[in-house]
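To keep things clear, I will list the structure first and then write my remarks on it.
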Amino acid sequence: MRLFWQLHSPLIEGGVLVFLALLPELVADKSTLWGLVSAFLAASLIAGNRNGFAQYRAISLSSTVWNRDQKIIACLRFLAFGASAALHSQWWPLAIAAVGLIIRLVISPRPQRTTLSELLVGSAGDSSLGRFSPRPLAQAVYRPQLKMWAWTWVAYCLVTAGAALTGASRAEQVLIAFVVTAPWVLVFGFGTMRDSLREYVILGGTRAAWAQATILNSAVGIIVALLASALFALANNDLGMSLIAFALLLPCAVTLLEFMRWRNVYVVILFLVGAGLVTWSWIVGTLAAWIAVAGLVVLYGCWALLLPLYIRQADAFGKGIAGWMGLMK
């Protein structure tokens, strides 16, 4: 058991367990929709647990041990959520979380391993280049970031559309989409940014080129938000501006927070204060929607101009938020 907790951070796992235990309490007085959102969030945390296999491999532990430990964590998470849900008589959320647990117990995924060809000098190694060119910039930066942003925005738009169909208010639609999408960004967004910079620098790339590619990749969210806002406008739904604002803010926040250091923390503070003031003024009605979005466009432009300088001071081999959360490879 001591080895188990050395391989799994007690702080992180304890925080997840506390969050799952409090989740039914947070939505106890809300609508059925919020109960379903909490259930799917809990099921994703239970069924989607994928702690890295690298630590197990480093001390010669097999994938069988790895799978066993992942199932133990899934059971602990289900017990934390299930006990609290049962106390609040939330049976549908409990059933959905149970489905997530069954999926995790039945399916035993194979951990990603380093093949022999990848270890041999001069071998072809992994030839699965996908639809991207074999250039280091395309494989180390464009490919992982574009995949991460594409899935993030597609999921965000689908969840928002689903919340709109249920008749939830605009504030509830935005909040539900954020709650469901935030774990994905936390798990994959920060780690993808950190890994892409580290791998590109190892391959001999420059930080300026990485910053330019990251700015181009962030445009995926803006394009998706513009298309989705047009569809929402046809359906007489005014969520378009919210999607565009989220698309402008999220890439900036992820990169600034992940590569924050004490010497540039003032940049992060200024950005968060500026974004918070604009967003709050929009929510309370002080600013019109188009003025608020214009202000966020200015913030996005400042981020794009300052990102090469910001990344120049970043520690490509540090851990950042991704490392603190135990998400580094």
Exposure ranking of 157, 302, 252 by accessible area [1.4 Å probe, largest first]: 302, 157, 252
Computed lengthening from residue 203 to residue 297, 0.36 nm per intervening residue step minus Cα-Cα distance: 30.5 nm
How much length is gained if the chain between residue 88 and residue 147 is pulled fully straight, taking 0.36 nm per residue apart and subtracting their Cα-Cα distance, in nm to one decimal? 17.4 nm
How much FRET efficiency would the formula 1/(1 + (r/R0)^6) give for residue 270 and residue 76, where r is the Cβ-Cβ distance and R0 is 56 Å, rounded to 0.05? 0.85
How much length, in nm to one decimal, is gained on full extension between residue 263 and residue 305, taken as 0.36 nm per residue of separation minus their Cα-Cα distance? 13.3 nm
Residue 19: accessible area at probe 1.4 Å, nearest 10 Å²? 80
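The values are calculated or read from the model by the stated rules, or taken from the named source; none is laboratory data. Owing to the predicted nature of the structure, the values given are computational and were not obtained by experimental measurement. All Cβ positions, even for glycine, are placed from backbone atoms using ideal geometry, and neighbour counts span all protein chains on display. Please note that ligands, DNA and RNA were not included when accessible areas were found on the heavy atoms of the full protein model with its side chains. Shrake-Rupley method; radii C 1.70, N 1.55, O 1.52, S 1.80 Å.
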